[in-house]
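The values are calculated or read from the model by the stated rules, or taken from the named source; none is laboratory data. Everything quoted here is computed from the prediction, not taken from an experiment. FYI the Cβ positions are ideal-geometry reconstructions off the backbone, even for glycines, and counts take in every protein chain you see.
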Amino acid sequence: MIIVFKKTLIAISLAAASLVGATSVAAENVDLLIKNATVLTMDEDRNVYENGLVAVKENRIFAVSDGSNLKEFKAKKVIDADGDIVMPGLINMHTHVSMTVFRSLADDVPDRLHRYIFPLEKKLVSRDMVRIGAQLGNVEMLKGGVTTYADMYYFEDEVAKTVDEIGMRAILGQTVIEFPVADAANADEGINYAVNVIQKYKDHPRITPAFAPHAPYTNTTETLQKITELSKKYDVPVMIHLAESDRENQVIAERSGGLSPVEYMADIGALTPNLIGAHVINVSDSDIALLKKHDVGVAHNMSANIKSAQGVSPAMKMQEEGLRIGLGTDGPMSGNTISTMDEFNQVAKVHKLVNKDRAAMPPIKVIEMATIGAARALHMEDTLGSLEVGKLADIIVVDTKAPNMVPVYNPYSVLVYSANAANVKHTIVDGKILMQDRTMTTVDEDKIRAEALEFADKVRQTVIESGEVVQ
């Protein structure tokens, strides 16, 4: 076994510290106790515990241990993991959740964003579409172990309502773009919309509102600078597609006198710790140094990037150099699935291929990017990303009895090379069980699916009536 399993309690809250080591103590009351688990803490030392336990009180992790102190706890709810993997909830760093209703359309159309997606959105994006797509995507992600996601789209207040209802955690960015869209006639209206969403949700316990300028090349310098200043004023994130495409490179080079997108963003003062750049494919060593200097978060979206033939981001180099980087899926029209677990296999293998090194991107590094690394990229590592006392209780249980998961010699390896989203058994967010034994507990999955299929008929008819929906 390559992991050293410690036999001492990793941590316990201060409230219970005085009880440890006592010869006779009353059991500590907790709300949820997960026992007999293979616990992947993803803490600083990457501790793993066989037959371990995780105790939850209210919405926080109260204790994590090797299980030897099991009798010290009395729980309202007990989950016997029976050897299953218990780990931090996955964090999807970048998606467009409402686009689930467009999944599998025009998958291989060249220049798909401008020739197909933008025209399709112009015809069909509405509050209703955003709500229906978000509900479906939320269920998909929760069933795949995603407990937190970062989203960019229109009518993000509708997405927020669905997140609130299902009980997930999300960073929701209201899109700002220079041309007319469903919820704004121009960039200034988009900014105003975003400010309204920010003011409404700024103090929500599970929702972090954000600005989401679509990309450097689809917004003016003035718009990007205005958003940067407003993000500082409201202390919220800014999410943007960055260094993603050849078109972006060309437009920005022409606008700036030859700068790369990253150099341009730095030059106009838009690289800040509030910024989260999605994709970040076309970057030089000096670009990477700028991203690190300005403490920018990066969302690595492997499957979407290789499907679109845009290239492979030097994510491994960024990770090695200490940048804040986490895994994303991109939207369900880009990578098709939005469960981060389905990215694991490709992330590990493609980085080995492009680096011509079988040892590159080992499984533990992939799991890092999906948990504590993503939390760091969101500047939320103090509360998310690992199973440690005091952190928010976002936890998943992964079935190790499924045929594709047997046997488990190395839990990181089996998660990356063998597991899929359907192996997630239980999903817990903020201390509440939102999926138990693959069944949703807070929303009606069948009703959500039926409504999405009904909307799909509308999409299908629109596509038929407008040919390829190409401008």
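Pairs are defined by a Cβ separation below 6 Å, a sequence spacing of at least 6 or placement on different chains, a first member in region 213-224 that is closer than 12 Å to Phe179 by Cβ, and a second member that is among the acidic types (Asp, Glu) and in a loop (DSSP other than H, G, I, E, B); the pairs so defined are Thr218/Glu178; Asn219/Glu178. At pLDDT 95 or above, closer than 23 Å to Ala348 by Cβ and either assigned to a loop (DSSP other than H, G, I, E, B) or assigned by TED's automatic domain parsing to the domain that holds Asn59 (or both), is that true of Glu381? Taking the combined requirement at face value, the residue satisfies it. Within region 301-330, the set of residues being at negative phi, part of a loop (DSSP other than H, G, I, E, B) and either outside the structural domain of Tyr116 (by TED's automatic domain parsing) or in contact with a Lys or Arg (Cβ under 9 Å, 6 or more places away or on another chain) (or both) comprises Ser308, Glu321, Leu323. Here Met341 meets the list (1) under 16 Å from the mean Cα position of the chain (by Cα); (2) surrounded by fewer than 17 Cβ atoms within 10 Å (Cβ to Cβ) almost entirely, failing just condition (2).
Taking Ser256, is it out of contact with any Gly (no Cβ under 7 Å at 6 or more places or on another chain), of a type in the set (S, T, N, Q) and farther than 22 Å from Phe179 by Cα?
Here the answer is no, as Ser256 does not meet what is asked.
Per-residue answers, yes or no, for (1) of a type in the set (D, E, K, R); (2) under 24 Å from Ile91 (Cα atoms):
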| site | (1), (2) |
| --- | --- |
| Glu178 | yes, no |
| Asp183 | yes, no |
| Arg206 | yes, yes |
| His214 | no, yes |
| Tyr217 | no, no |
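Can you find a residue that is among the polar types (S, T, N, Q) and crowded, with 23+ Cβ neighbours inside 10 Å anywhere in region 234-246? Among the residues of region 234-246, not one is among the polar types (S, T, N, Q) and crowded, with 23+ Cβ neighbours inside 10 Å, which makes the answer no. Of the residues making up region 382-392, those that are surrounded by fewer than 24 Cβ atoms within 10 Å (Cβ to Cβ) and touching a strand residue (DSSP E or B) at 6+ places or on another chain (Cβ under 9 Å) are Thr383, Leu384, Ser386, Glu388, Val389, Gly390, Lys391.
Selection of region 414-459 for residues being assigned to a strand (DSSP E or B) and surrounded by fewer than 18 Cβ atoms within 10 Å (Cβ to Cβ) yields Lys432, Gln436, Thr439. If you filter region 188-217 down to residues that are within 17 Å of Leu259 (Cβ to Cβ) and out of contact with any strand residue (DSSP E or B) (no Cβ under 6 Å at 6 or more places or on another chain), you find that the one that is surrounded by the fewest Cβ atoms within 10 Å (Cβ to Cβ) is Tyr217. Just one of the numbered conditions (1) in contact with a Gly (Cβ under 7 Å, 6 or more places away or on another chain); (2) within 17 Å of Thr100 (Cβ to Cβ) is not true of Asp446: (1).
Which is in contact with a helix residue (DSSP H, G or I) (Cβ under 9 Å, 6 or more places away or on another chain), of a type in the set (Gly, Ala, Ser), in the same structural domain as Val48 (by TED's automatic domain parsing) and surrounded by fewer than 16 Cβ atoms within 10 Å (Cβ to Cβ), of Ala402, Ala359?
Ala402
For the structure I just gave you, tell me whether Val397 is surrounded by 15 or more Cβ atoms within 10 Å (Cβ to Cβ) and part of a strand (DSSP E or B). Criteria met by Val397. Report yes if Val312 is closer than 23 Å to Asp107 by Cβ, touching a helix residue (DSSP H, G or I) at 6+ places or on another chain (Cβ under 6 Å) and buried (at least 24 other Cβ atoms within 10 Å of the Cβ), otherwise no. No, not satisfied.
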